[in-house]
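**Q** Pasting a structure here, questions to come.
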Amino acid sequence: MSSPETPGSPGEETPDGPAALRLIYEYENGEVRLVSQQRVDVAVTGFDLTEAPTTDHVEVRDIDGAALSRVRVRDALPQSLEVFGEPGEAITRVPDTVQRGAFTVVVPAPSAAARVVLQRPGPEAPPGERGIESVEPVVLSDDAIEETQR
Amino acid sequence: MTTADGAVIGTTQIHGNAPRNKAFNIVLLGDGFTAAQQGAFDAAATAFVNALLGTNPFGDLRPVINVFRVNVRSTDSGADDPAAAGGTGATARTYFDASFGGGGIRRLLLANTTTVLTTAAAQVPEFTLALLVVNSTVYGGAGGSIGTYSLAGGATEIAIHEAGHTAFGLADEYPYWAGGNEADRQHHPATEPGEPNVTINTNRNTLKWRWAVAASTPIPTQTNPNPAVEDYSPSPVPAGTVGTFEGAHYYHAGAYRPEWNCKMRNLGVEFCAICKAVIWNRFRPLMTQEVRASALMSVVARYPEHLDVFAVGPDGRCVSNWWDAGSGWAGWFSLMGGVAAPGGAGSPITAISRYDRHLDLFTVGTDNRVYSAWWDASSGWSSWFVLGSIRCRPGSVVTALSRYTDQIDLFTTDESGRTMTLWWNGGGGWARDWVHLGGGIAANGAPVTAVARRPHHLDIFTVGTDNRVYSAWWDQRSGWSGWFAIKGITCRPDSTVTVVARHPDQLDLFTTDSAGRIMSTWWNVTGGWANGWFQVSGGVASPGSDVTAIARYTGHLDLFVIGTDNRVYSTWWHEGGNWAGWFNVSGGVGRPGGQVAAISRHAEQIDVFVTGSDGLAYSTWWNGAGGWAGWFQLGIT
């Protein structure tokens, strides 16, 4: 086009600041804590409220607790580690006996975002109960978004 | 050994120039390199870039990949190498505290992940993937939230495999846990893995990568005859065949991988087609999208705060993007591997939404058959499937409309130009096959357009072989009428007759005549068809460009077209007045013969989509409060 490029979305003003938040979590022996929140200018792909989460995920909520987005976190608290043989040898897995580490996730954080909740899907319901009641996810960490990052 | 054992020297971008906020940003951090050894780290970082871009599909994705090198000085050279794990017993004071011998296994190279992540975030806040390069020639590495690898030959393969996990959510495809033939790894549990490249499902119709499986490929493609051990027998099908191969996800049997081999199964080989597609789809939202200028983009508002856009790339690939008021544009993604037919203007995708959680798509495939796919909020995207037995002209348009929630009516032209229809309803499903409508034959390249003024009434239009405009109608009480001419003009053979029903008793038609003039006529229930056609405000279209018309409310029409100077033009009509003069929309320029898609999500909003002069998809919008916005490349926001 000959006109200057004007990024934006139909009918919506360009937000004033970066609309995403980088979160860094630390874990040890099953305990998880949020150690860093950082506002970042980055496009977040792969979040969708219409999908029922089947993996660990961070849910961004507004002040009333309504979900705004969910971002998957693959293997947030790994139980095993991958070991690579010399070239040509098999890849293997070993139990993670240390169970300590960190991971990061970037979530959309519009101005309405107030909390970030790291969750794990609840255990599957017994066959007889399927379709009657969904199992609540397990909350691993529930944190307010810091005022300085809002 | 802590961050007191060194310091960050600085960060250098060593590959790419994509905007960081719309790129896949890889950060390489060095550990165990002293101040004097930074050159070795620099060389290792360059070697990684070469290895990555030499691995399919990353080479094709280089425009959206940035790589940064974070030089970090450590007090000592190397990494810890505990004797208890078979190492030398060496210790090294390093910034990230890298150590071989994790879990008692020398090759398992671990580090302080918190320090790696916080350092990466401080140096490149937009980073996507952090990899730690450790200054040692001992072979080793590890995956997880960061990847680690050493300077040993071939260790970059570890980094790329681990990126498969960390950045793309891919599963391991090897069929064992810790070396093989384990008694507790014979059969995969009966739970479908969440990852996109492994499955326990061998139903061809519901397989998660069913779109990539040829009809001639048996499913399952290879089974393990003895689940007590892994099956390493040769592939029964040619290399590169996508199917279901038993033995994956740490189990000898009961879990399947898409191809016989893949980098998620063995280092040193290519990613399989499904993993490549997953990687592409992770990157595609970051990319702008080239689209066929001559094939209209299709846009649907399932509800006023949401748009779904469908387009066809220059290679015929069917792609989509969506916008939601809460999250902006999601970025382009492939639609189940579908390829639309070339020829003529090239087949577009047409899309309808029968209700707010459902989409139906239609196009003509490269075999000139009509294809459909659907999306439902509860189940996601279906595969493409063939509708009926007809073969169309290459590049034919499938016109689709939904008169009510449980009804779809389709119209197209077959290879002889015959005007054909097919329908679906919630009670009976798809009709048995296409039906020829009233003996009609369309001019070469002319589509059949349709409108439902009422739920039980259809009006259809096309350009006949004599290049005149023809119409027919269907009413539930009387069935189909014959075709009749709407006299007064001669069109280009490939002209589209655009129709709008502002209210149930009114039709407005727009098309281009043989000189490219933009012509209109109308029908209403009291006066019937107007006496002839008129030129709309002196407008002339670029040859091959159709007129797009929308009615934001009963007494108002907006038109869009590519003009003879290839600019994007619009005009409007308001009840009681005359047509306004044509004006250039926000300075926009399209391509010769290009199409303009437009939609009104609500009465005071218009969203417009065009292929720009550079071949990329662009959009702009108008609203009653702010007027026209500037054009922007349609990608991710």
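Laboratory data are not the source of any read-out in this text; all were calculated from the coordinates shown. Keep in mind it's a predicted model, so treat the numbers as computed, not measured. Here the Cβ is made from the backbone with ideal geometry for all residues, glycine too, and neighbour counts use every protein chain on show.
**Q** Which FRET efficiency, nearest 0.05, do B:THR88 and B:GLU305 yield, Cβ-Cβ r, R0 51 Å?
**A** Taking R0 as 51 Å, the efficiency between B:THR88 and B:GLU305 is 0.25.
**Q** Further question on the same structure: Compute the distance from the alpha-carbon center of region B:146-184 to that of region B:47-106, in whole Å.
**A** Cα centroid of region B:146-184 versus Cα centroid of region B:47-106: 14 Å apart.
**Q** Right, next: Quick one: if you stick a label point 7 Å off each Cα along the C-beta vector at A:ARG100 and A:GLU136, how many nm between them?
**A** So the label points at A:ARG100 and A:GLU136 sit 3.2 nm apart.
**Q** A follow-up question, please. Indicate the helices, whole DSSP H runs only, in chain B that combine a mean Kyte-Doolittle hydropathy of 0.0 or more with a Cα extent along their long axis of 27 angstrom or more.
**A** Both cut-offs are met by no helix.
**Q** Kindly provide the pair-distance distribution of region B:171-268 built from C-alpha pairs, with 10 Å bins from 0 and whole-percent values in order of increasing distance.
**A** Result returned by the calculation: 18, 54, 26, 2.
**Q** What FRET efficiency comes out for B:ASN17 versus B:ASP433 if R0 is 35 angstrom and r is the Cβ-Cβ distance? Round to the nearest 0.05.
**A** 0.05
**Q** Then there is this: As I understand it, the dipole of region B:464-609 uses +1 on the Cβ of Lys and Arg and -1 on the Cβ of Asp and Glu, about the Cα centre. Which of B:ASN467, B:GLN506, B:TRP480 lies farthest toward its positive end?
**A** Positive-most Cα among the choices belongs to B:ASN467.
**Q** Over the whole of B:322-330, what's the average partner chain Cβ count within 10 Å per residue? Rounded to a whole number, please.
**A** For peptide B:322-330, the averaged partner shielding equals 6.
**Q** Further, regarding this structure: Using only helices, what value at 222 nm comes out for chain B when you add -39,500 (n - 2.57) per DSSP H run of length 4 or more and divide by the total residues, to the nearest 500 deg cm²/dmol?
**A** Helix contribution divided over all residues of chain B: -2500 deg cm²/dmol.
**Q** Mind checking which lysines have their C-alpha under 26 Å from B:LYS208, skipping anything on the same chain fewer than 8 residues away?
**A** B:LYS263, B:LYS276
**Q** Between beta-carbons, use under 12 Å as the cut-off and find the net charge around B:TRP628, counting Lys and Arg +1, Asp and Glu -1.
**A** -2
**Q** What aspartates and glutamates could a cross-link reach from B:LYS487, if we take a straight Cα to Cα line under 20 Å and drop same-chain neighbours fewer than 8 places away?
**A** Counting by Cα, and skipping residues close in sequence, B:LYS487 has these aspartates and glutamates nearby: B:ASP459, B:ASP466, B:ASP508, B:ASP513, B:ASP546.
**Q** Relative contact order, percent, of region B:3-166 when contacts are C-alpha pairs under 8 Å separated by at least 6 residues?
**A** Rounded, it is 25 percent for region B:3-166.
**Q** What is the distance, in nm, between label points placed 7 Å from the Cα along the Cα-to-Cβ direction at A:VAL35 and at B:ASP367?
**A** Label-label distance for A:VAL35 and B:ASP367, simple model: 5.6 nm.
**Q** Sticking with this one: Tell me which aspartates and glutamates have Cα within less than 16 Å of B:LYS22's Cα, excluding those fewer than 8 residues away on the same chain?
**A** Partners found: A:GLU5, A:ASP41, B:GLU126.
**Q** Nearest 0.05, what FRET efficiency do B:ARG468 and B:ASP60 give at R0 = 56 Å with Cβ-Cβ as r?
**A** In this case the efficiency is close to 0.70.
**Q** Kirkwood Rh and Cα-based Rg: tell me the resulting Rg over Rh for the protein assembly as shown, rounded to two decimals.
**A** Expressed as Rg/Rh, it is 1.02.
**Q** If you take the charge dipole of region B:3-166 about its Cα centre, with +1 on Lys and Arg Cβ and -1 on Asp and Glu Cβ, which of B:GLY32, B:ALA44, B:ALA92 is farthest toward its positive end?
**A** Highest projection toward the positive end goes to B:ALA44.
**Q** Here's another thing I want to ask about it. Can you compute the charge dipole magnitude of the protein assembly as shown about its Cα centre, using +1 on each Lys and Arg Cβ and -1 on each Asp and Glu Cβ, nothing else charged? Give it in debye, rounded to the nearest 20.
**A** Taking the Cα centre of the protein assembly as shown as origin, the dipole is about 1980 debye.
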